[in-house]
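Engineer: To start, I am sharing the structure in question, which I have written as structure tokens.
The values are calculated or read from the model by the stated rules, or taken from the named source; none is laboratory data. Please read all numbers here as calculations on a predicted model, not as lab measurements. Methodologically, a virtual Cβ is constructed for each residue, glycine included, from the backbone with ideal geometry; neighbour enumeration extends over all protein chains shown.
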Amino acid sequence: VSNWAAPRARLLAWYDAHARDLPWRRTRDPYAIWVSEIMLQQTRVETVIPYYERFLARFPSAHALADAPLDDVLAHWSGLGYYRRARLLHEGARAVASEHAGQVPREAHLRRALPGVGRYTAGAIGSIAFDLPEPIVDGNVARVLARVLALEAPLGTRDAERALWQAAAEWAEGERPGALNQALMELGARVCLPQRPRCAECPLAEHCQARADGRAESLPVVPPKKPPKPVNLVALAAFDDAGRVWLQRGEENLFGGLWSLPSVEGSTRASVVELAPTTALEGVLSRRAVGELKHVLTHRVLSVRVYVQRAASGVRSAALKPVALSEIGRLGTATLTRKLLALAGGGS
Ligand code: SF4
């Protein structure tokens, strides 16, 4: 086991002097830290802050979250993306409410058994809320540790994962593991940047192998990214006589499983006809295309052609529900859905 005592102490001193004042750093409530950690996965700090505050105001405890309907939870997540996170958080809160009397368990194995709580989230809650010496490795921590160790294995490989979690576990041993873990993340976010790391102002500079080797910029080894896949879709905005639009639960990958316009893969007028069985709306061919938009997701670039149908009748599908445009804000909807509705001439 390497001796990290000296760099650890320097990093903690740096953190105490430089840590940003973030809302989730003012609490030791395991539930609140859990919420913040789930939101911070794949989302920037600045974006998360207002969502976190609204979410905690509406769902102040695991019990409150467990008791809330899923649509309400998703509505508070609307715009953050990766809605699976919200659904799992909701499930996790229900497990905490029913199995642990509403208290997030202190024991690591019980935390790990909660829906949606993996090694990272369990370690974040354990170290930050309970001050237990549990490691965490996110993108920022991985970059810092890979550089400190001058790790050769490309990120994401099994060798790299093993080495990084092992190192993080060693760093977590000692006083204030929660602060230490946050300090590693903070250093990665603000000093040990992906490009042009600021080694001159880094508290770990003397202990960093990549810097000593003059390789800070070229490490860690990052495997090449796959280019996003182009996907064509047609979407249907069908309004009923009362001006409400028919929505259905959208696909997880495209709409985060949130309420959305019925859509199908394809790019031609014929593809709209394919929507008929899904939507069970009559008068398919009378629909007209109102435009097309591009939308970029992490792994896909979507081109969506939007068709509008007024006074749609003959709805026989239980999967569809008519929603007044003024109510849409209260349902969880993906950014893509809001863009499609704007193009269709409803919503914003
Ligand atoms: S010395 Fe440079 S490369 Fe090493 S941890 Fe600090 S900022 Fe990152």
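Engineer: Can you tell me which of (1) in a loop (DSSP other than H, G, I, E, B); (2) touching a strand residue (DSSP E or B) at 6+ places or on another chain (Cβ under 6 Å) is the one residue 151 doesn't meet?
Structural biologist: (2)
Engineer: Could you say whether any residue in the range 243-261 is exposed (fewer than 15 other Cβ atoms within 10 Å of the Cβ), within 30 Å of residue 303 (Cα to Cα), in contact with a Pro (Cβ under 8 Å, 6 or more places away or on another chain) and at pLDDT below 95?
Structural biologist: No: zero hits.
Engineer: Restricting the range 100-145 to residues that are within 16 Å of the ligand (Cβ to nearest atom) and either among the acidic types (Asp, Glu) or surrounded by 18 or more Cβ atoms within 10 Å (Cβ to Cβ) (or both), which is nearest to residue 167 (Cα to Cα)? Break it down stepwise before answering.
Structural biologist: The first filter runs over the range 100-145 and keeps only residues within 16 Å of the ligand (Cβ to nearest atom), leaving 137-145.
Keeping just the survivors that are either among the acidic types (Asp, Glu) or surrounded by 18 or more Cβ atoms within 10 Å (Cβ to Cβ) (or both) gives 137-138, 140-145.
Details: 137: 10, 138: 13, 140: 14, 141: 10, 142: 10, 143: 12, 144: 11, 145: 7 Å.
Only one residue fits best here, namely 145.
Engineer: Next question, about the same structure. Please enumerate the residues belonging to the range 26-58 that are within 18 Å of residue 182 (Cα to Cα) and charged (D, E, K, R).
Structural biologist: Narrowing the range 26-58 to residues within 18 Å of residue 182 (Cα to Cα): 26-46, 48-49, 52.
Those that are within 18 Å of residue 182 (Cα to Cα) and charged (D, E, K, R): 26, 28, 29, 37, 44, 46.
Engineer: Please verify whether residue 176 is free of Cβ contacts under 8 Å to residues at least 24 places away in the same chain and either closer than 27 Å to residue 46 by Cα or more than 14 Å from the ligand (Cβ to nearest atom) (or both), treating the condition exactly as stated.
Structural biologist: Values: free of Cβ contacts under 8 Å to residues at least 24 places away in the same chain: no; either closer than 27 Å to residue 46 by Cα or more than 14 Å from the ligand (Cβ to nearest atom) (or both): yes.
It is false that residue 176 is free of Cβ contacts under 8 Å to residues at least 24 places away in the same chain and either closer than 27 Å to residue 46 by Cα or more than 14 Å from the ligand (Cβ to nearest atom) (or both).
Engineer: Then there's this: Is it the case that residue 198 is more than 19 Å from residue 156 (Cα to Cα), of a type outside the set (A, V, I, L, M, F, W, C), more than 23 Å from the chain's Cα centre (by Cα) and near the ligand (Cβ under 8 Å from one of its atoms)?
Structural biologist: Numbers: more than 19 Å from residue 156 (Cα to Cα): yes; of a type outside the set (A, V, I, L, M, F, W, C): yes; more than 23 Å from the chain's Cα centre (by Cα): yes; near the ligand (Cβ under 8 Å from one of its atoms): yes.
For residue 198, the condition - more than 19 Å from residue 156 (Cα to Cα), of a type outside the set (A, V, I, L, M, F, W, C), more than 23 Å from the chain's Cα centre (by Cα) and near the ligand (Cβ under 8 Å from one of its atoms) - is met.
Engineer: Of all residues in the range 107-130, count the ones that are in a helix (DSSP H, G or I), in contact (Cβ under 8 Å) with a residue 60 or more places away in the chain and not small (Gly, Ala, Ser). Quick ask: steps written out before the conclusion?
Structural biologist: Taking the range 107-130 first, the residues in a helix (DSSP H, G or I) are 108-112, 119-130.
Filter once more, so that each one left must be in contact (Cβ under 8 Å) with a residue 60 or more places away in the chain: 120-121, 124-125, 128-130.
Among the residues that remain, those that are also not small (Gly, Ala, Ser) are: 120-121, 125, 128, 130.
Total satisfying the criteria: 5.
Engineer: Could you list, in sequence order, all residues of the range 185-195 that are more than 20 Å from residue 43 (Cβ to Cβ) and more than 8 Å from the ligand (Cβ to nearest atom)?
Structural biologist: The one that is more than 20 Å from residue 43 (Cβ to Cβ) and more than 8 Å from the ligand (Cβ to nearest atom): 195.
Engineer: Another question, then. Does residue 201 meet the test of being among the acidic types (Asp, Glu), in contact (Cβ under 8 Å) with a residue 24 or more places away in the chain and over 22 Å from residue 88 (Cβ atoms)?
Structural biologist: No.
Engineer: Can you tell me which residue in the range 264-305 is modelled with the lowest pLDDT, limited to those that are closer than 11 Å to residue 231 by Cβ and assigned to a loop (DSSP other than H, G, I, E, B)?
Structural biologist: The extreme case among them is 267.
Engineer: Another question about this same structure. Show me the helices (runs of 4 or more DSSP H) found entirely inside the range 1-99 where at least 1 residues are surrounded by fewer than 19 Cβ atoms within 10 Å (Cβ to Cβ), in contact with a His (Cβ under 7 Å, 6 or more places away or on another chain) and touching a residue at least 12 places away in the same chain (Cβ under 8 Å). If you could, list the steps in order and put the result at the bottom.
Structural biologist: Values: elements: 5-18, 30-40, 45-58, 62-67, 70-77, 84-99.
Passing ranges, in order: 5-18, 45-58, 70-77, 84-99.
Engineer: Here's another thing I want to ask about it. In the range 325-348, how many residues are at pLDDT 80 or above, farther than 16 Å from residue 258 by Cα and loosely packed, with under 13 Cβ neighbours inside 10 Å?
Structural biologist: So the answer is 1.
Engineer: How many residues are farther than 30 Å from residue 255 by Cα and surrounded by fewer than 21 Cβ atoms within 10 Å (Cβ to Cβ) when one looks only at the range 217-235? Don't jump to the end; show me each part of the working.
Structural biologist: Residues of the range 217-235 farther than 30 Å from residue 255 by Cα: 217-221.
In the following step, the residues that additionally are surrounded by fewer than 21 Cβ atoms within 10 Å (Cβ to Cβ) were identified as 217-218, 221.
Adding up the residues that qualify gives 3.
Engineer: Looking at the range 201-216 only, could you name the residues that are within 8 Å of the ligand (Cβ to nearest atom) and among the hydrophobic types (A, V, I, L, M, F, W, C)?
Structural biologist: Those that are within 8 Å of the ligand (Cβ to nearest atom) and among the hydrophobic types (A, V, I, L, M, F, W, C): 202, 204, 205, 208, 210, 216.
Engineer: Quick one: would you say residue 254 is more than 30 Å from residue 305 (Cα to Cα) and either in a helix (DSSP H, G or I) or within 16 Å of the ligand (Cβ to nearest atom) (or both)? Don't jump to the end; show me each part of the working.
Structural biologist: On the way: more than 30 Å from residue 305 (Cα to Cα): no; either in a helix (DSSP H, G or I) or within 16 Å of the ligand (Cβ to nearest atom) (or both): yes.
The answer is no for residue 254.
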